[in-house]
Amino acid sequence: MMNIDSLLKQIETGDFHNPLTNLQDQDLRDEIMRVTAGAVADDEKSCSEFHHYLAILNKHRLSLSVARSPQTDLLLNSICTFMEIEWLNRERQRISPLLSGMPDDEESFIQWFEQLQQNGPGQHHPLFDYLAEQATREELRYFLLQEMGTEAGFDDLISLTQFKTPPSVKLELARNYWDEMGGGELEGMHSELLSRLVSSFQLSWEDYYEDVHWAPLALSNLMIAFAMKRAYFSQSIGALGIIELTAPERCLRVMEGMKRVKLRDDEYKYYALHSLLDQEHWAGWKMNVMQPLIREYPERMVKMAEGALLRLFAGARCFKVYCNHLRLQFDSYSDLLHIH
């Protein structure tokens, strides 16, 4: 009979460094390892290849297919896992200096976390003043196209993250999810509202990857990696929480820009809702999600902080890309750390 305790111990302590052994084609294994190594080393061309590859693999990994076999799932998960872990280890090293002085008690940590709304990477970025006050319709279209690349599906991220959480946490995530579902009305679902906005700019979800910079895809890849892996549960809670805390200001400015270029209320409703709802969501997220989880295991604080900072830096990287494309220079604005 199998010694289950011994098996679990080996699973927890084993170093399965290369799950690509399930991929029989040596040339493909070498290609994945080459691109991944380049992305870890911050090579621009490799970063682009890496995140486009991973985004497409994630699309297939999470899609519904009647023809897919369990072996295909195993292979897709193995490849994605290898790419995600190698890349995320580098990203986690990048922000580790910011975690050294982080508070270690619940009350101070929550205050530290909320302060990220003011001084975190990408906060109060002048890009959003430009979008609100000066951007042309074509420039707003470019912004929306790139933001489509960041879209991992907040509803799905919540669904994946909430699995096996304590009751109070699950209930709060369920309330958040129900809002994403438009309170049970198809036309009110946030994904439907976003698709309506996408259509109003004559954009399509079909094969848009080639027109999207790698930075927005990196943000989506980050959120999917967090939500898909129990090892990154606390990072996912932190990353989702920082979205709830920081999104309203940005959404308000984008909504103002879209209103200025004469979009209809029903077309920019997606941004209008998030400029209001996320403020309410943060209060519940703090009280019913983060605090109970911290009280259960205080060591979650550093992982929540890590998830929040990685999400903020991923967003700040996108803003830098958008500004470069739009030829905007904001000399008075600087990131906390160098954003590749």
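Data table
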| read-out | value |
| --- | --- |
| Residue count, segment 252-279 (criterion: farther than 20 Å from Pro126 by Cβ and among the aromatic types (Phe, Trp, Tyr)) | 2 |
| Only one of Ser236, Ser159 that is farther than 30 Å from Arg260 by Cβ, surrounded by fewer than 18 Cβ atoms within 10 Å (Cβ to Cβ) and modelled with pLDDT of 95 or more | Ser159 |
| Of all residues making up segment 249-279, the number that are touching a Ser or Thr at 6+ places or on another chain (Cβ under 7 Å) and crowded, with 20+ Cβ neighbours inside 10 Å | 2 |
| Count of segment 198-209 residues which are surrounded by fewer than 19 Cβ atoms within 10 Å (Cβ to Cβ), assigned to a helix (DSSP H, G or I) and either assigned by TED's automatic domain parsing to the domain that holds Val40 or in contact (Cβ under 8 Å) with a residue 24 or more places away in the chain (or both) | 2 |
| Any hit, segment 147-156, residues being touching an Asp or Glu at 6+ places or on another chain (Cβ under 7 Å) and of a type in the set (A, V, I, L, M, F, W, C) | yes |
| Flag if Ala225 is modelled with pLDDT of 95 or more, out of contact with any Ser or Thr (no Cβ under 7 Å at 6 or more places or on another chain) and more than 24 Å from Met290 (Cβ to Cβ) | no |
| Close pairs from segment 298-327: first over 15 Å from Leu245 (Cα atoms) and among the small types (Gly, Ala, Ser), partner part of a helix (DSSP H, G or I) and modelled with pLDDT of 95 or more, Cβ under 8 Å, at least 6 apart | Ala314/Ala215; Ala314/Ala218; Ala314/Leu219; Ala314/Leu222 |
| Residues of segment 258-282 satisfying the condition of being farther than 23 Å from Arg311 by Cβ and either in a helix (DSSP H, G or I) or not assigned by TED's automatic domain parsing to the domain that holds Gly122 (or both) | Met258, Lys259, Arg260, Lys269 |
| Among residues of segment 135-189, those that are among the charged types (D, E, K, R), free of Cβ contacts under 8 Å to residues at least 12 places away in the same chain and not in a loop (DSSP other than H, G, I, E, B), counted | 3 |
| Gln291 vs. criteria buried (at least 20 other Cβ atoms within 10 Å of the Cβ) and assigned to a helix (DSSP H, G or I) | no |
| Subset of segment 115-124 (residues that are surrounded by 14 or more Cβ atoms within 10 Å (Cβ to Cβ) and within 19 Å of Gln279 (Cβ to Cβ)) | Leu116, Gln117, Gly120, Gly122, Gln123, His124 |
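The values are calculated or read from the model by the stated rules, or taken from the named source; none is laboratory data. The structure displayed is predicted, hence computed values, not measured ones. Note: ideal-geometry Cβ built from the backbone for every residue, glycine included; neighbour counts use all protein chains shown.
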